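The values are calculated or read from the model by the stated rules, or taken from the named source; none is laboratory data. Because the structure is predicted, anything quoted here is derived from the model rather than measured. Cβ coordinates were reconstructed from backbone atoms using ideal geometry, including for glycine residues, and neighbour counts include every protein chain displayed. What goes into the accessible areas is simple: the full protein's heavy atoms, side chains included, and nothing from ligands, DNA or RNA. Shrake-Rupley method; radii C 1.70, N 1.55, O 1.52, S 1.80 Å.
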Amino acid sequence: MVKFTKQNKMIKETLFTGWNWVRWFRLGLGITIAFQAVETHDALAGVLSAFLLFQAISNTGCCGVNACDLKSNNKQSEQLDDVVFEEVKIK
């Protein structure tokens, strides 16, 4: 029997959740190019299909996991303290 650690649960969650249309598109394109690579014995197409399949399975893009995501973090702005200004005079 396999014990699921926190990391295993995280991997399982990444694999089975968050499937949007871009992820499905990468998976379909990767499988299609993989079939073409096998039929034509093309190594470059095989590398491209492996790259697309990796991106689809691991839910990563060219920048990494959600690196280009621009979510606003409202909690951080609520925690700002009052700013005290000091007037500077020129002699």
**Prompt:** chymotrypsin sites (Phe, Trp or Tyr not before Pro) within region 1-62: which are DSSP loop residues with at most 12 other Cβ atoms inside 10 Å?
**Reply:** PHE4, TRP19
**Message:** Rolling a 1.4 Å sphere over the protein heavy atoms, what is the accessible area per residue of region 13-58, to the nearest Å²?
**Reply:** 72 Å²
